[in-house]
Amino acid sequence: MTLIKSISGIRGTIGGIPGENLTPPDIIAFTSGFAAQLNKKFSKPMVFVGRDGRDSGAMVQSLVNACLVSMGIHVLDAGLSTTPSIAMAIINHKAHGGIMITASHNPMNWNALKFMNEKGEFVDHETGSEILELAASQLIYHSHHKLGKIEESGNIINEHIQSILDLPLVNSSHIKEKKYKIVLDAINSTGAISIPPLLEKLGVEYKVINGEMSGVFNHNPEPLPEHIVDIQNAVIAEQADLGIIVDPDVDRLAFVCENGSAFGEEYTLVAIAEYILKHKNGNTVSNLSSTLALRDITVEHGAKYFPAAVGEVNVVAKMKEVHAVIGGEGNGGIIYPDLHYGRDALVGIALFLSHLAEKSTTASILRSALPNYEMSKNKIELTDASLVDKILDQVKEEYKIFDINTMDGVKINMQNEWIHLRKSNTEPIIRIYSESFSKAKADDLANNMIHTINKIIKSYHG
């Protein structure tokens with residue numbers, strides 16, 4: 001059982017001992033810290049609160065809402081919603097913040113509080129640190145005449161969809177002409193209530209699998225190859241043009257091609273960036289563990305690619321710094337600043353379909369035309385946590401002839417391939433990501449690194 005505290009929020013497994021799991025006292029403490037931070041900044045804060053479809057969501061939200069009211073906050077209750085819809089609602093209604101209750105791709109026994117600021121973005125390091133400090137302090141709750149109130153938010157998902165349809169690069173008429181047929185895997189969560197209305201507005205015929213809002217996910221929600229077999233089969237059986245896969249809070253996006261093959265989660269961003277860069281000049285950003293294909297596409301269009309540390313907050317900061325027109329993460333996270341600075345599967349779907357319609361081709365052909373790389377993802381578990389930093393320092397020395405980036409762990413850049421080592425903040429683990437032109441070569445890079453690390457470990461143990 002686990003409780004993870006970070007600057008962007010708190011997540012953990014439901015039930016158990018306070019301070020070790022996500023329990024009511026933990027939920028109240030961190031919600032109170034967030035409310036106290038808002039009260040220091042604004043006179044009468046207004047906050048949107050939403051949740052994904054997992055079965056613990058209603059319980060967690062009832063605690064969050066009550067706690068916010070006790071701190072004098074005006075709560076706009078969105079109920080079942082999506083992370084990007086909450087972000088857009090904050091922007092559209094000029095609210096002072098938001099809380100999305102979701103553990104994203106984590107399994108059903110997890111839940112989390114994701115804190116957003118008045119810009120509809122996840123809170124930055126400074127704000128997050130202040131929330132953590134306040135959560136651990138002795139807070140004073142409001143008396144009866146200063147309590148906040150709760151009201152329903154209205155249909156913020158429809159507002160979100162309309163904002164997407166209003167974007168110049170979302171070509172609704174062209175998409176409608178193609179009469180696409182699509183299968184959606186909604187993972188029994190809020191993709192089932194947010195994506196169908198978007199597809200209807202785009203004139204797309206669709207079938208939903210795992211669309212029941214039962215509170216129980218039909219399969220592990222992370223869109224890994226072993227978890228997408230059902231939709232691959234459904235795309236073939238339905239003779240569909242495309243399969244769409246989202247995570248429980250609808251901020252990550254992956255596709256299945258018309259022939260049942262996986263488009264590749266890493267390539268969601270690459271394909272959409274190709275479309276954006278064709279129509280708009282500007283730079284791109286992704287995190288250090290994302291594919292080189294984005295760099296290649298960006299250079300091909302005469303723009304510059306910039307890496308960022310892993311994490312949405314870091315990617316957004318870099319995008320603002322370099323005026324990127326598109327960015328995101330290789331986990332299927334699309335950040336399109338013309339709409340908002342946050343990962344958004346809904347806008348990703350609209351932009352991808354616009355690209356597919358403009359190209360007048362199939363998803364598999366679109367994928368085959370993109371620069372092709374393969375990744376390997378591994379990890380080493382250490383018995384001695386004190387060795388982690390020493391190992392990373394030694395690796396830098398061992399690979400010093402290459403270009404090394406230490407922005408986030410250690411990334412070793414070679415000719416059209418790389419290895420990225422990141423340490424876990426909660427466990428004595430080093431994660432090893434590698435990429436090359438073939439899976440075998442990516443695996444070789446990872447295996448050689450594992451061998452190097454094991455030698456370093458052996459040297460410290462004599």
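The values are calculated or read from the model by the stated rules, or taken from the named source; none is laboratory data. All values reported here derive from a predicted model rather than from experimental measurement. All Cβ positions, glycine included, derive from the backbone under ideal geometry; neighbour counts span all protein chains shown. Please note that ligands, DNA and RNA were not included when accessible areas were found on the heavy atoms of the full protein model with its side chains. Shrake-Rupley method; radii C 1.70, N 1.55, O 1.52, S 1.80 Å.
So what is the accessible area of the chain per residue, in Å², with the probe set to 1.4 Å?
Normalised by residue count, the accessible surface of the chain is 41 Å².
Tell me the trypsin sites (Lys or Arg not before Pro) within segment 162-236 that lie in a loop according to DSSP and have at most 10 other beta-carbon atoms within 10 Å.
Here the trypsin sites (Lys or Arg not before Pro) that fit, given the DSSP loop and packing criteria, are 179.
Please identify the longest segment of the chain free of exposed chymotrypsin sites (Phe, Trp or Tyr not before Pro), where exposed means a DSSP state other than H, G, I, E or B and no more than 15 other Cβ atoms within 10 Å.
Result, exposed sites excluded: 142-401.
When you take every Cα atom in segment 203-280, what is the radius of gyration, and what is Dmax, the widest Cα pair distance, in Å?
Cα-based Rg and Dmax for segment 203-280 come out at 13.4, 42 Å.
Going by amide H atoms built from the backbone, whose H comes under 5 Å of the H on residue 333, apart from near neighbours?
253
Quickly estimate the mean residue ellipticity at 222 nm for the chain, helices only: each DSSP H run with n ≥ 4 gives -39500 (n - 2.57), and the total goes over all residues, rounded to 500.
After summing the helix terms and dividing by residue count, I get -12000 deg cm²/dmol.
State the three equivalent ellipsoid semi-axes of segment 103-165, derived from the C-alpha gyration tensor as the square roots of 5 times its eigenvalues, in descending order and whole Å.
Each semi-axis is √(5λ); the values are 27, 21, 15 Å.
Taking Rh as the Kirkwood radius computed over C-alpha pairs, what is the Stokes-Einstein D of segment 311-462 at 10 °C in a medium of viscosity 1.306 mPa s, expressed in µm² per second?
Details: Rh = 17.8 Å.
Roughly 89 µm²/s, to the nearest whole number.
Anything in the chain that counts as a DSSP H helix reaching 30 Å or more along its axis (C-alpha) with Kyte-Doolittle mean of at least -0.5? List them, would you?
Correct list, ordered by number: 439-460.
For segment 305-397, run through the trypsin sites (Lys or Arg not before Pro) and keep only the ones in DSSP coil with at most 12 other Cβ atoms within 10 Å of their Cβ.
Sites meeting the loop and neighbour criteria: none at all.
Can you give the percent of C-alpha pairs in segment 1-62 whose distance is more than 13 Å?
67 percent
Per the Cauchy relation, a quarter of the hull surface: what is the mean projected area of the convex hull of the alpha carbons in segment 35-157, in nm²? List each step's numbers first, then the result.
Numbers: hull surface 29.9 nm².
With every direction weighted equally, the projected area is 7.5 nm².
How much of the DSSP bridge set in the chain is antiparallel, in percent, rounded to the nearest 5?
Around 55 percent of the beta bridges assigned by DSSP in the chain are antiparallel ones.
How much solvent-accessible surface does residue 365 expose, in Å² to the nearest 10, with a 1.4 Å probe and all protein chains in place?
Here the residue's solvent-accessible area equals roughly 90 Å².
If you bin every alpha carbon distance in segment 46-118 into 10 Å steps from zero, what whole percent lands in each bin?
All Cα pairs considered, the percentages come to 22, 55, 21, 1.
Quick check on segment 155-256: of the DSSP beta bridges with both residues there, what percent are antiparallel, nearest 5%? List each step's numbers first, then the result.
Details: 4 of 13 bridges.
Bridges in segment 155-256 are about 30 percent antiparallel.
May I ask you to list the trypsin sites (Lys or Arg not before Pro) in segment 30-133 that are in a DSSP loop and have at most 16 other Cβ atoms within 10 Å of their Cβ?
94, 119
Expressed as a rounded percentage, what relative contact order does segment 126-255 have, with Cα pairs under 8 Å and six or more residues apart?
That works out to 25 percent.
For the chain, what ratio Rg/Rh do Cα atoms give with a Kirkwood hydrodynamic radius?
Using only Cα positions, Rg/Rh for the chain is 0.97.
What are the equivalent ellipsoid semi-axes of segment 132-226, built from the alpha-carbon gyration tensor (square roots of five times its eigenvalues), in whole angstrom, biggest first?
Listed largest to smallest, the semi-axes of segment 132-226 are 37, 21, 13 Å.
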